[in-house]
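See structure below.
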2 protein chains.
Amino acid sequence: MIELSTEQLEIIQKMSVFQVRAGMPPTEARILALLLVSDRTELTFDEIRETLSTSKSAVSTALNTLVLRNKVESITIPGDRKRYFKHQLKNWNANAKDGLEKLLSVNQLLKEILAVRTSETEDFNRDMRNVIAFIDFMQVELVQVFEKWNNLQNKENKENN
Amino acid sequence: MIELSTEQLEIIQKMSVFQVRAGMPPTEARILALLLVSDRTELTFDEIRETLSTSKSAVSTALNTLVLRNKVESITIPGDRKRYFKHQLKNWNANAKDGLEKLLSVNQLLKEILAVRTSETEDFNRDMRNVIAFIDFMQVELVQVFEKWNNLQNKENKENN
DNA sequence: AGTTTGGTTCTTTTAATTCAGAACCAAAAG
DNA sequence: CTTTTGGTTCTGAATTAAAAGAACCAAACT
């Protein structure tokens, strides 16, 4: 059982509300938030269960999907039977990229729609071509933004060697 | 009642599945998709209801939230009591920006968490500062990308005058 | 004034998520 | 080989979200 300050509890609350609004199931959200605020960054299954006072089944399924989605990593220490769970901060970047790309993939469908549309509605079709062009543009630009970030990181690393 | 080809029906299906996965309620998603594929771009309440064969109440609430969220505009033609509903393609850009900004607003919470974290876990905290820096970076870059797009649009408009 | 049209709002029903509790299971320990 | 540990999996049960149906209402038409 992890001891948490009032502040820590409040943040878990706020953070999980935020994530639930974004579509994440409550238990997953609370586990992620706990792993972000907890003083120890690697918690066992039972520590999580006790601290959040939920059932084993809920924790089990939530952790498994979190691991599957690369939000959490599970660590095993040799000679210790329990698994330890840790927030995958390192993957935030990549997850964000994947998420954005999924959002932008709607463009495929928009192009299909445009191909099927009557040519009678020229104004509407122009607007649609414009949306499509915008999303294509975003796709290219986002790749560049991610590259730019990676370059900045590499530079920083070199400087610190 | 709007007549739809098999192709149009299939696209409505695919598009609404896509949007529902992204968290949109089914009726809203199907209305939006219908307004994208339909040969007429402005449909009445009853045309939508009949074509999607759902209840008045479902259509009413869905349309109202879509209008509220600037996804659909409602047009009234003088001398015609019905309202006509049209997909707000023009707002796609702005809606995308709002959506992204909401996503990035998680950074506020991450900063709060970092402020409360123990200093014992230096590796973890560094990763967290890195995520925060990344989101801050994205925020700045996204604004620039949107500006760049607007500039491109303005240029094009001038050229076409 | 009465009726029809074009919806809205409230209540009920249905369906889908989410969680808990118990049974279960494999690996390790005794 | 029996027991304990560290979970997983399989039912329900409870909550929540979505849709239907019916009652309602205001504006326009007769």
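In region B:75-90 there is at least one residue that is touching a Lys or Arg at 6+ places or on another chain (Cβ under 6 Å), open to solvent by 50 Å² or more (accessible area, probe 1.4 Å) and not assigned by TED's automatic domain parsing to the domain that holds residue B:140. Any residue at all in region A:37-60 that's modelled with pLDDT of 95 or more, open to solvent by less than 40 Å² (accessible area, probe 1.4 Å), more than 12 Å from DNA strand D (Cβ to nearest atom) and among the small types (Gly, Ala, Ser)? Checking region A:37-60: at least one residue is modelled with pLDDT of 95 or more, open to solvent by less than 40 Å² (accessible area, probe 1.4 Å), more than 12 Å from DNA strand D (Cβ to nearest atom) and among the small types (Gly, Ala, Ser). Cβ-Cβ distances below 8 Å connect the following pairs, each with a first residue in region B:87-110 that is at the interface with another protein chain (Cβ under 9 Å from one of its Cβ atoms), a second residue that is surrounded by 15 or more Cβ atoms within 10 Å (Cβ to Cβ) and not in a helix (DSSP H, G or I), and a separation of six or more residues or different chains: B:87/B:41; B:87/B:71; B:87/B:72. Listed by first and then second residue, the pairs with beta-carbon distance under 7 Å, at least 6 apart or on different chains, first residue in region A:12-35 and assigned by TED's automatic domain parsing to the domain that holds residue A:61 and more than 12 Å from DNA strand C (Cβ to nearest atom), second in a helix (DSSP H, G or I) and among the basic types (Lys, Arg), are A:12/A:30. Restricting attention to region A:116-125, the residues that are surrounded by fewer than 17 Cβ atoms within 10 Å (Cβ to Cβ), assigned to a helix (DSSP H, G or I) and at the interface with another protein chain (Cβ under 9 Å from one of its Cβ atoms) total 2.
When you scan region A:142-153, do you find a residue that is buried (at least 16 other Cβ atoms within 10 Å of the Cβ), more than 8 Å from chain B (Cβ to nearest Cβ) and within 28 Å of residue B:103 (Cβ to Cβ), even just one? Scanning region A:142-153, I find at least one residue that is buried (at least 16 other Cβ atoms within 10 Å of the Cβ), more than 8 Å from chain B (Cβ to nearest Cβ) and within 28 Å of residue B:103 (Cβ to Cβ), so the answer is yes.
Check B:53, B:57 and return the single one that is at positive phi and out of contact with any helix residue (DSSP H, G or I) (no Cβ under 9 Å at 6 or more places or on another chain). Exactly one of B:53, B:57 is at positive phi and out of contact with any helix residue (DSSP H, G or I) (no Cβ under 9 Å at 6 or more places or on another chain), namely B:53.
If only residues of region A:17-41 that are touching an Asp or Glu at 6+ places or on another chain (Cβ under 9 Å) and of a type outside the set (A, V, I, L, M) are counted, the one that is nearest to residue A:66 (Cα to Cα) is A:19. Taken over region A:15-36, residues that are surrounded by 15 or more Cβ atoms within 10 Å (Cβ to Cβ) and of a type in the set (Lys, Arg) amount to 1.
The values are calculated or read from the model by the stated rules, or taken from the named source; none is laboratory data. Note that this is a predicted model, so its numbers are computed, not measured. Here the Cβ is made from the backbone with ideal geometry for all residues, glycine too, and neighbour counts use every protein chain on show. Note: areas computed on protein heavy atoms with side chains; ligands, DNA, RNA excluded. Shrake-Rupley method; radii C 1.70, N 1.55, O 1.52, S 1.80 Å.
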